[in-house]
Structures are given as structure tokens and as C-alpha cells.
1. List pairs: first in segment 495-524 and charged (D, E, K, R), second assigned to a helix (DSSP H, G or I) and surrounded by 17 or more Cβ atoms within 10 Å (Cβ to Cβ), Cβ under 7 Å, 6+ apart or cross-chain?
2. Filter segment 250-290 down to the residues that are among the hydroxyl-bearing types (Ser, Thr, Tyr) and at pLDDT 95 or above and list them by number.
3. Run down Tyr571, Tyr601 and say which single residue is under 28 Å from the mean Cα position of the chain (by Cα) and without any contact (Cβ under 8 Å) to a residue 12 or more places away in the chain.
4. Tell me, yes or no, whether segment 348-359 has at least one residue that is open to solvent by less than 10 Å² (accessible area, probe 1.4 Å), assigned to a loop (DSSP other than H, G, I, E, B) and either in contact with a Cys (Cβ under 9 Å, 6 or more places away or on another chain) or at pLDDT below 85 (or both).
5. Among the helices (runs of 4 or more DSSP H) lying completely within segment 518-619, list those that include at least 2 residues that are open to solvent by less than 10 Å² (accessible area, probe 1.4 Å) and of a type outside the set (D, E, K, R).
6. Phe183 is checked against (1) out of contact with any strand residue (DSSP E or B) (no Cβ under 7 Å at 6 or more places or on another chain); (2) in contact (Cβ under 8 Å) with a residue 24 or more places away in the chain and fails just one. What number does that condition carry?
7. Only one of (1) farther than 28 Å from Asp540 by Cβ; (2) modelled with pLDDT of 95 or more; (3) open to solvent by 40 Å² or more (accessible area, probe 1.4 Å) fails for Ser671. Which number is that?
8. Which residue out of Ser645, Ser657, Ser623, Ser639 is free of Cβ contacts under 8 Å to residues at least 40 places away in the same chain and among the polar types (S, T, N, Q)?
Amino acid sequence: MKFSSFINLFIGIAFFVTCASAQTKKTTVQAKKAHAQTTKKTSVDYVDPNIGGIGQLLVATDPMVFLPGGQTKLCSNPWPEIYDRYLADKVFSFSLKDEVRYGTKTIPGWIMATTGNIEVTPAKMASNYDHDQEKVTPYYSSLLLEDYDITAEYTIAEHSSIFKFTFPQSADSHVLLSDNAEFKIVDETTIEWQGAGGFGGGNGGGAGGRGGRGSYFYAKFSKPFKSFGTWSGDKASPGVNTQSGTNVGAYANFVTSKGEQVEVKIGSSNISSDDAKQNLEKDIPAWNFEAVKNAAKNKWITSLNLFKVEGGTEAQRKIFYTGIYFNLGGENLEGRMKIGGDKLAERSQRYASLEKSQLYPATIGQGGMFQHTNLVEVAGQYLRGIRDFDVARAYENMKTDWMESTKLPWRRGPASHLDSFYVKNGFFPALAPGQKEWIPQVHPSERRQSVTVTLQGAYEAWCIAQVAKGLGKTDDYAYFMKHAHDYQNVFNKETGFMSPKTEDGKWVTPFDPKLGGGQGGRDYFAEMNSWIYTFYVSHDIQGLINLFGGNNNFNAKLDALFVEQYKRSKYNFLDLFPDMTGLIGNYAHGNEFSRNIPYLYNYSGEPWKTQRRVREIMDVWYSASPLGICGDEDTGLLSHFYVNSAMGIYSDPMIPSYPVWLIGSPIFSKSTITLGNKKVFVIEAKNVSASNKYVQSATLNGAPLNKPWFEHAELMKGGTLVLNMGPRPNKQWGSSPDAVPPSMSLPE
């Protein structure tokens, strides 16, 4: 077509559209409004579960389908096992519970659809798939099993799930179910089974839960079976309706026409098969896939809408809402975000109800004793005013846990010689160079981690002391507050680093704060080096500043952390410390116990440096792509940093101390948080932009705020925090000695 002809055609079309719109203007405007309403993005539309699907160095995320805070999680399973799961070419099944076991060839609890000869081994039933033919959301997923021309779709209810398989024309269509279980084909539309005790995956535990509970399933099919069978290992048994053991399953055969759909509803329970059936009948009473899908979507919108943000880029909103999704994978939103606390209260209620006999010693190796993180969570919620549980009983269990159980990494049970030594002397002893391990309770690969255990013990002692104080237990308070200073026992003032000591009280020499401790630093530390753990004193930052000799020396050390290099090639450094991903100098954003460090400048008179570092971290180490998470997500902890920091406030979920929120540098111009008490807290960032990242001034509920923090109680009352932003730091704002957040010690 000539250019002149194209112009004439364009003019003709424009004339026609103009005439038509003149005659039907009202109708068109109404249609546009209706279209805008139906196509407007909701909060859940921003969530991309494939973010983080390629691990920077270690474990990638799983694109789970689940309800907010729910335990039942669905996911596609790659084959062969691909750690960077987004790069997998094939899937062999869809998980029914969050039990992905890396390093094995068995993933229990799954469903799959195939055509052709019946195959019961993952390698033979696996199908190619393409992300371009895939849809992944928090509430629904679908993909094309290319080798079978089957479209697989699934969505979720409270304790149940529903799968829809659209088959091609085939005389040999199959749906397969597998588990480490006891299977029974009940009738021509029903299969039930009892799985083995739950293992629990990285996103918060599956249908089977933790600690050996059984998992029960009840599956109902929308179409009667043409025939059926079971299998064990790689041997199929046509017509056999029961099977038990490890890696067993059941299958149903169908004759399907092109485009015919077979749906499978599956109820789950930790109690019994009857309870699984009742859950299914309650959750999904009818064959209405779309209704279940829409209900799940609406639940997600309700949860995600607790946080509404304005401004920022499309990608930043995507990272933000996906971050909330990852948080909800491990915990209830309100508990994880430290804003409400219903779920956290439930967990503490369970802690409060434990008998001491359940803590030790009969449960050694059986997962019966509470982890130390639960001790911290109880104290964290107590300090935030959430006390609707048996505090006195919880306190007794906290005290027993700290005094009488082992603090050794990856071990549970009564105190070892090392624990007794720590309680008496205030530090966990390290082996001398060349000395062989002689304590049988020490994990052979996790080692003693002596400095980290000392630092954690001091922090836990402070946590217990706060609850003891509230209960009026004066002697206990004094005892645990003394141990809260134990971190000072492993601080070497000559080197300026947290360092290991042997039982005779001597510093381990030689000791390299960057490389010392063997693989992952585990002789002395947990997965990271002394550069990180030197700042791990969350309950007493001021006391740490005092050890350095004041703000100037402390800030110089912090500055050095973010530029310190590796003393060897970077790949050799990461070979020694694979958990230290997301590196900025020797600061490792990709692992726990480090993410509060950028906020420590708020304690040392230079909060503008916090603002700079926080923005840098969000810009560099987060993106809306499969490579968008720089380390192990750890039930949403990496995303927690982004979600909080993008709004401009932060409280560390791993090491909650004083009930305060630290101020950083927001990305969004306005963030609205709907609180558990139905009140609203708003954060407005005036003039915020990519370059306007520094706080010039602030107000809280209209009153000037000249400190880089505020009380948690202020947030819970509802109100408005206004941060006036600019392109250059206001080094005076929040820098006065009386502007520092609370700490255990006073300035010297």
C-alpha cells in the first residue's frame, strides 16, 4: 500500500469513528467506564510468584498457590530436580502439600495427568512446559503439559484444593496420585489415602505439618473411572485398589474427547480421612471451579489491601505486593508484619500451654522442644502489648528452655557441657586451633558456632528479662539482665570484632574476622563472618557503640563494612560463605541476622546514611524478575525488608527488641496500613523520587518529629507520619543525642 493510500485509509477510519462516536457518545463513555472497572488492576494482580524462581546462589522460591496464612499449598514440581526451578524444562506433577525435599528423588503428595501408556515414575511421566503458556497467581495457576496436550489448572480453598485437567481426544487418559502413604480406591469416583508424618517445607509447613503428624486426603472425581490401578515404586498394578508404602500411588483411567475436562476435588486433614472428607464437603460442595477460584482471589485481595501504596513504579509495586505474598507463605500477615498479632498470639498460646516435660529430655531428636526463635517471638509480642495468653506459663517454658536445653545449632535436648559452661561463665567456648571436637552433641557439620550462640544467648536472656520484669520476678530479671551483657565477653576491643574464646578465656589465635571459622564460619558463627556478627546486638546497640568508644568509631566501622572486600577472589569467598549473598562490601543482605544493620546509623547520629543504604539495597538487590531475590527467602524475611522499607519504616522480625519502628527512606509517596483494630496508619513521603531519598523533616500526627523512630504504640493508635524528602541529606535531622532509639545501655 502506498503511503498516500495509507493516509487516506487512516482518515477514512478516523472519520467513521468520529461520526459513530458522535451518535453514541453516551454509550461509549459508559462502556469505557465499565471496561476500566473490569480491567483495573487489583493488589493481587501485582503479585508474581515466579519472582525469585532463580536462586542467586542457594535456594530459589516456589510459586505456591495457597490462601493467606494457609497451610495447604499447591505447586508444580520440576523434573529432573532443578534448584533454579524457573529454568526447569519439565514438570512431572503438582504438589498437594508443601513438602519439597531437595536432594531426593521423591516428592511426596502430588497429582498428575497424562495420556498414552500408563507410566508411574517421574522421569517417564514428566512433560515439557513453557512459561509463555503458564499463568501463576497466589490463588490459581495453569500450564500446558505440552507432551500430552493437557491444560492443568488448580486453585485452593481453606483445607481443600480443586484441579481441572482439559484433555485431548484419547482412549488412554490418566490422573495419578502419589504419596508415601496407604492408598484406597473407594469407588469409581473416590480415592482416599493417609500420608506419612509431615516433613514441612521452606514456606511454613505443609498439610502434614511438622513433628510426625499424619496427613489425610480424600479425592473426588467429576467423572467415573473407566478403570483404575495402584503402584509401588516403578511397578503398576492394574485393577488393584489398595497400596501402601513409600513412593506408592493410585491412578484412574478415562476415555476423553477433545477439550473434555476432568476435575478432581481433594480435601486434606491432619486428623482423619473422615475429617478430610468433611473439609472437602464444607470447602467445595459443588463442582464449580470458577467459584472456588474467585473466592480465593477475593481472600487475597482482602489481605493484600491491608497495605495500599501510591506512587513508585509498576515494578516496585510488583515487588511490594509479591513481598507480602511471600510473607503470607510462612506466617499470618499481621503477625509477620508486627502490626496486628492474632497468629503470633496463637503460637504463643501453644508455647504457653506446653508442659516442661514436653521440652526435654524425652523428645530429643523428635522435634518436641520449641526452637529459640519462638522464645523471641513470645517476648516480642509481649513487649508490643499482645498478652491474651497464659504469660506466666509461657515465661516458665522460656526460662526452662534457656536454662536447661541445649543452645547448640541444629540440636534439641537437654543442656550439654558447653551449655552449662555458658550459663556459668557467660560465653560459649570455642575449640582451640587444631583441637578435635570432643562434645558428642555437637552437629558434625554445623559445628559449635560459639560466638553466634553467645550473642544469641545474650539476646534471648534480655527477652526473658523483659517478661520477668512485667511479671514482677525481680530476682529473675536481675539474673537474665546480667546475661544480657554476655555479648561483651566475646568482643575483642583490640581488634574491634566479635571473636571466639576457648574455655580458658583466651582469644583464639590466629583469627581472621573475614574468613575464620571454616565452611560458613561455623566453628564460630552461623553461615556468615565476624564482620556481620559484630553488629548482632539488637537489644543493646548503644552498649555496642560504647564498646567501640562512641559514635565516630562505630560509624567508621559501619562505613567500612559496606566497602570491605573479600581478601581473595569473590567466587572463592562465596565458596566459603555461600549464604553471604546480596553483598555490598562484606554486608550480606541475602541472609538473616544482617538486615537490621543498615538501620543502625539511626542509633549513632547519622540516620541519613541509613536512608542512603536502604535505598541502595532496594534498588540493587530487588527486582520484578526470577532473579529478583538475592538470597534465601526464608518464609518471607527478605521480602519483609522490602515491604517495610519501601513504606519508610522497619522493625526486624527475626530479632524484635524494643517496640519501635525505625525510619528509613520510602519509595512510595503514600502508604496506608489498615490495622488489626480497624484503624489506619498513613505514611506520606512528600516530594519523594528516585533522587529525593533523604528525609529533610518529619511530623507525626501534625507534631514535629525530630528523631528517626517512633513507638509501636503510636502506629497502633493510627495516624499519619509525614516525611518531607529531598535530594541531599539533612545531617541535622534525627542526629542529636536525645534522638536515638531505646537501648539497654546508656551512652558513656
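The values are calculated or read from the model by the stated rules, or taken from the named source; none is laboratory data. Predicted model only: the values in this text are computed from it and were never measured. Don't worry about glycine lacking a Cβ; one is built from the backbone with ideal geometry, like all the others, and counts go over all protein chains shown. The protein model used for the area step is the full one, side chains on, heavy atoms only, and it has no ligands, DNA or RNA in it. Shrake-Rupley method; radii C 1.70, N 1.55, O 1.52, S 1.80 Å.
1. Taking only residues 6 or more apart or on different chains, the pairs are Lys501/Val490; Lys514/Trp531.
2. Selection gives Tyr251, Thr256, Ser257.
3. Tyr571
4. As a first pass, look at segment 348-359 and keep what is open to solvent by less than 10 Å² (accessible area, probe 1.4 Å): 348, 351-352, 359.
With assigned to a loop (DSSP other than H, G, I, E, B) added as a condition, the list becomes 359.
If we keep only those that are either in contact with a Cys (Cβ under 9 Å, 6 or more places away or on another chain) or at pLDDT below 85 (or both) too, we end up with 359.
Looking for residues that are open to solvent by less than 10 Å² (accessible area, probe 1.4 Å), assigned to a loop (DSSP other than H, G, I, E, B) and either in contact with a Cys (Cβ under 9 Å, 6 or more places away or on another chain) or at pLDDT below 85 (or both), one finds at least one in segment 348-359, hence yes.
5. Correct list: 530-533, 541-548, 551-561.
6. That leaves (1) as the condition not met.
7. (3)
8. The match here is Ser645.
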